[in-house]
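These notes concern the structure reproduced below.
The values are calculated or read from the model by the stated rules, or taken from the named source; none is laboratory data. What you are looking at is a predicted structure, and each value in this text was computed from that prediction instead of being measured. Neighbour counts run over all protein chains shown; Cβ positions are idealised from the backbone, glycine included.
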Amino acid sequence: MRARTYILMCAMALAGAARAEAWAWSVHRLVAFRAMQAMGAELPLPAERAWPVLWRAAVAPDAAGPGQLPPIDHVFHVTRDRRARPMGNAPRRIQELTWRLMSEELPDDQVVFELGRICHLVADLSQPLHADGKARNPDCGRVHPLFEKDADADRELASVAAVAPTTGTTATGWESRMEALAGESSRDFDAVCAAYAPGHPGYAAVRDVTRRRVACAQGQTLAIWRAILAQRGAAARRRREAASWAYVSVPLVLLWFLIRGRVKREEGRWPGQGTVRRDGRDASERAFRKLEERLGLGRDTVRGGRG
């Protein structure tokens, strides 16, 4: 990628107003851009075509229009009470989007759009204040927009490198892995809330936490993108192999029928008929002779000839 294009994309990723939903839009776009940059040719579209789609998709779950998701799909509040069900549907929504991309044949631009939406939800679960809520600290509603606004202004986040996932890697499904990600993020919940308590330094106290969570979001996004595209690639190869086999198998079946018919003709056998005897009489002729003998009639009499 040319340097000019790269600088332009970085500027686009960091542009945008701060929002109260999830990370600020610029952080979501930054995570998507870094993932796209790391994927390179693995994406179904080249970067110059993929980025305009990801630019929209990375914030589509928050914006009115195609791709928007309800607030419950952006969170997964981890609770310490094991008898209670955690509040939120983000892990399950990620699982559903993943299944769709792995099982359906979709246009390349639609695939990239759905990858962008998945990236958004993964970034949401990497945000500590999306992994727990007012049940844990009633003040988190006030802290949430302040934290995200400050993170949006942190231009040094653009230099954060992705970190390979270390949580939930042994889980059997993406829903379980994303629940584990939320559990990891929730460990920083108290630190973020405490940083914005009266008399505390605010974002400066959790700058390292923010960078760690953004790096985690990038790593998790790369992991899930690669898993989806690998599965889609395997499915496409199976379809090509099936099509190739059809091109080969049809002529072989026709050839088999031709050979079978030739062999039957040479053996004196025809489909649906009896076996020809050496004297030239088939099964129907033998049956006719038996009828003549039983009735005591001559051949010509039975056939309406001379009596």
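Please pick out the residue among Ala32, Ala50 that is modelled with pLDDT of 50 or more, assigned to a helix (DSSP H, G or I) and in contact with a Cys (Cβ under 7 Å, 6 or more places away or on another chain). Explain how you work it out, then say what you get.
Working: Ala50 fails: in contact with a Cys (Cβ under 7 Å, 6 or more places away or on another chain).
Checking each option against the conditions leaves just Ala32.
Could you list all residues from the range 53-71 that are in contact with a Phe, Trp or Tyr (Cβ under 9 Å, 6 or more places away or on another chain) and assigned to a helix (DSSP H, G or I)?
Answer for the range 53-71, where residues must be in contact with a Phe, Trp or Tyr (Cβ under 9 Å, 6 or more places away or on another chain) and assigned to a helix (DSSP H, G or I): Val53, Leu54, Trp55, Arg56, Ala57.
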Which of the residues that make up the range 74-96 are touching a residue at least 24 places away in the same chain (Cβ under 8 Å) and under 18 Å from Ile228 (Cβ atoms)?
Ala90, Pro91, Arg92, Arg93, Ile94, Gln95
Only one of (1) of a type in the set (Gly, Ala, Ser); (2) under 22 Å from Leu129 (Cα atoms); (3) in a helix (DSSP H, G or I) does not apply to Ala38, and that is (2)
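Take Ala164 and tell me if it is exposed (fewer than 14 other Cβ atoms within 10 Å of the Cβ) and in a helix (DSSP H, G or I). Write out each step before concluding.
Numbers: exposed (fewer than 14 other Cβ atoms within 10 Å of the Cβ): yes; in a helix (DSSP H, G or I): no.
Criteria not met by Ala164.
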